[in-house]
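Here is the structure we will look at, set down as structure tokens.
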């Protein structure tokens, strides 16, 4: 499912609402942000570590999902929105490291969407897949020579 501009706008609005809960002038708190997609209602909910709801929106495109991989599609578009809003996210009064995580109805992690730790920001973990294996092969080849 390709996200519409309206979907991106709705998700960015939700992320901005979350960011407003942690203004730069406030005392920093330690928390991660959990995002939950509810396919049956088309909702996107945001929670803190204590599972206190920060905001909720209805994403019109998710009301009657035709894509069997709604979570994958949602993960992709949310990552795009988080990357677009990085300047606002960086100003949040949340202690580092912190992350945005996609969770399911059982509060189990489906995907790490955005991780920030001082100078390091990881928006797409797909870039790191297989890195360990490649490094091990490289080291093995070096040791052979």
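The values are calculated or read from the model by the stated rules, or taken from the named source; none is laboratory data. If you're wondering where the values come from, they're calculated on a predicted model, not measured in any experiment. Reconstructed Cβ throughout: ideal geometry from the backbone, glycine too, with neighbour counts over all protein chains shown.
Among the residues of the range 44-54, is there at least one that is touching a helix residue (DSSP H, G or I) at 6+ places or on another chain (Cβ under 8 Å) and at pLDDT below 90?
First, pick out the residues of the range 44-54 that are touching a helix residue (DSSP H, G or I) at 6+ places or on another chain (Cβ under 8 Å): 44, 46, 54.
From the residues that got through so far, the ones that are at pLDDT below 90 too are none.
No, the range 44-54 contains no residue that is touching a helix residue (DSSP H, G or I) at 6+ places or on another chain (Cβ under 8 Å) and at pLDDT below 90.
Can you pull out every residue in the range 72-113 that is without any contact (Cβ under 8 Å) to a residue 40 or more places away in the chain and surrounded by fewer than 17 Cβ atoms within 10 Å (Cβ to Cβ)? Talk me through it step by step, then tell me what you get.
The first filter runs over the range 72-113 and keeps only residues without any contact (Cβ under 8 Å) to a residue 40 or more places away in the chain, leaving 72, 74-75, 86-87, 90, 96-97, 106, 108-110, 112.
72, 86, 87, 90, 96, 97, 106, 108, 109, 110, listed by residue number.
Filtered by the rule that a residue be within 14 Å of residue 94 (Cα to Cα) and under 14 Å from the mean Cα position of the chain (by Cα), the range 22-48 gives 31, 32, 33, 34, 47, 48.
Residue check: residue 127 meets all listed conditions (1) within 17 Å of residue 8 (Cβ to Cβ); (2) modelled with pLDDT under 90 but one, namely (1).
Taking the range 52-71 as the range and being within 18 Å of residue 93 (Cα to Cα) and either in contact (Cβ under 8 Å) with a residue 24 or more places away in the chain or part of a strand (DSSP E or B) (or both) as the test, the residues that pass are 53, 54, 55.
Name the single residue, out of those in the range 19-42 being touching a strand residue (DSSP E or B) at 6+ places or on another chain (Cβ under 8 Å) and part of a loop (DSSP other than H, G, I, E, B), that is farthest from residue 85 (Cα to Cα). The extreme case among them is 41. Residues of the range 103-124 that are closer than 18 Å to residue 36 by Cα, touching a strand residue (DSSP E or B) at 6+ places or on another chain (Cβ under 9 Å) and at pLDDT 60 or above: 103, 104, 105, 107, 109, 110, 111, 112, 113, 114, 115. Residue 135 falls short of the stated requirement of being modelled with pLDDT under 70, within 30 Å of residue 39 (Cα to Cα) and over 11 Å from the mean Cα position of the chain (by Cα).
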